[in-house]
Amino acid sequence: MHEVAPELVGAELYVDGAGGRIVEVEAYAQGDPAAHGFNGRTERTASMFGPAGRAYVYRSYGIHWCLNFVCEGEGIASAVLVRALEPLAGLDAMRARRGVEDERLLCSGPGRLCQALGVTREHDGLRLDRAPFELRAAPDAVEVATGVRIGITKAAEEPWRYGLAGSGFVSRRF
């Protein structure tokens, strides 16, 4: 997952044609006390346990959907949370879903991102290489910043947050 997370920065993610450049992600491993898979497999976390290349979607605090990319093989809970995108396509649909005009507020944070892209529990377990998802490699090399994770209390000091250096679309500056 630490190989996947920085490689996702600068890649492009689209869901039914709406999306953009990934500018911020966070990594979570099975042995990580902040990871959902830390205490074992449950019905809620089943997708996080593989196989790799699938979506793990969960509801945070009973309010917001969050999208993760599963990174390991069957039986290993490892995922990368997509925290923020720079919107590039489908902005009208994103604005309608979010009810905001400012491009910087459409996808800056995992809950906002899922709302803007229309990602829900229905996407949990789906393959990332098939519709409705489209994932494109970064067209150019990018400078990746690292920092501590956000919004967690366990293992919050881990520098497992990766982002596009200098991006104005991240949820919080590095």
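Where a number appears in this text, it was derived from the coordinates with a stated rule and is not lab data. Keep in mind that what you see is a predicted model, and the values were worked out from it rather than measured. Virtual Cβ from ideal backbone geometry, glycine too; neighbours counted across all protein chains shown.
Mind checking the stretch 45-131 for trypsin sites (Lys or Arg not before Pro) that DSSP puts in a loop (not H, G, I, E or B) and that have at most 14 other Cβ atoms within 10 Å?
On the way: sites: ARG54, ARG59, ARG83, ARG95, ARG97, ARG98, ARG104, ARG112, ARG121, ARG127, ARG130; in loops: ARG130.
Sites meeting the loop and neighbour criteria: ARG130.
Under 10 Å, Cα contacts only: if you run a Gaussian network model on the chain, which one of ALA55, ALA11, ALA141 comes out with the highest mean-square fluctuation?
For the chain, modelled as a Gaussian network with Cα springs under 10 Å, the answer is ALA141.
Counting other beta carbons within 10 Å of each Cβ, put LEU91, LEU85 in order, fewest first. Present the calculation step by step, with values, prior to reporting the outcome.
Numbers: LEU91 15, LEU85 27.
By the 10 Å Cβ count, ascending: LEU91, LEU85.
Determine the calculated [θ] at 222 nm for the chain from helices alone, applying -39500 (n - 2.57) to every DSSP H run no shorter than 4 residues and normalising by the residue count; nearest 500 deg cm²/dmol.
Dividing the helical sum by the residues of the chain leaves -3500 deg cm²/dmol.
Connecting C-alpha atoms closer than 10 Å in a GNM of the chain, tell me which of VAL142, VAL25, VAL15 has the biggest fluctuation.
Of VAL142, VAL25, VAL15, the Gaussian network model singles out VAL142 as fluctuating most.
How big is the charge dipole of the stretch 76-130 about its Cα centre, in debye rounded to the nearest 20, if each Lys and Arg gets +1 on its Cβ and each Asp and Glu gets -1 on its Cβ? Before the final figure, lay out each step's value.
Working: 9 positive and 8 negative charges, 32 e Å.
The calculation lands at about 160 debye.
To the nearest 20 debye, what charge dipole does the chain have about its Cα centre, counting +1 at the Cβ of each Lys and Arg and -1 at the Cβ of each Asp and Glu?
Details: 20 positive and 23 negative charges, 110 e Å.
In total the dipole reaches around 520 debye.
Say the dipole of the stretch 4-164 comes from +1 at the beta carbon of Lys and Arg and -1 at that of Asp and Glu; which of TRP65, GLY31, ALA89 then lies farthest toward its positive end?
TRP65
Arrange the following residues from fewest to most other Cβ atoms within 10 Å of their Cβ: MET48, MET94. Each step should come with its number before you reach the end.
Values: MET48 28, MET94 24.
Arranged by neighbour count, lowest to highest, MET48, MET94 become MET94, MET48.
Could you work out which residue, out of SER78, SER60, SER108, moves most in a Gaussian network model of the chain, that is, has the largest mean-square fluctuation with Cα springs under 10 Å?
SER60
Going by how many other Cβ atoms sit within 10 Å of their own, how do ILE152, ILE76, ILE63 line up, fewest first? Numbers along the way, then the final one.
Working: ILE152 15, ILE76 18, ILE63 7.
Result, fewest neighbours first: ILE63, ILE152, ILE76.
I want to check the label-to-label distance for ALA89 and THR42. Put each point 7 Å from Cα in the C-beta direction and report it in nm to one decimal.
Roughly 3.6 nm, to one decimal.
In the stretch 31-130, which GluC sites (Glu not before Pro) fall in coil by DSSP and have 14 or fewer other Cβ atoms within 10 Å?
Values: sites: GLU43, GLU72, GLU74, GLU101, GLU103, GLU122; in loops: GLU43, GLU72, GLU74, GLU101.
Answer in residue order: GLU43, GLU74, GLU101.
Got a sec? Charge dipole of the stretch 4-164, +1 on Cβ for Lys and Arg, -1 for Asp and Glu; which of ALA156, THR146, THR120 is way out at the positive end?
So the residue furthest toward the plus end is THR120.
Taking N as the number of residues in the chain, what is its alpha-carbon radius of gyration divided by 2.2 N^0.38 Å?
Working: Rg = 14.6 Å, N = 174, 2.2 N^0.38 = 15.6 Å.
Scaled against compact globular proteins, the figure is 0.94.
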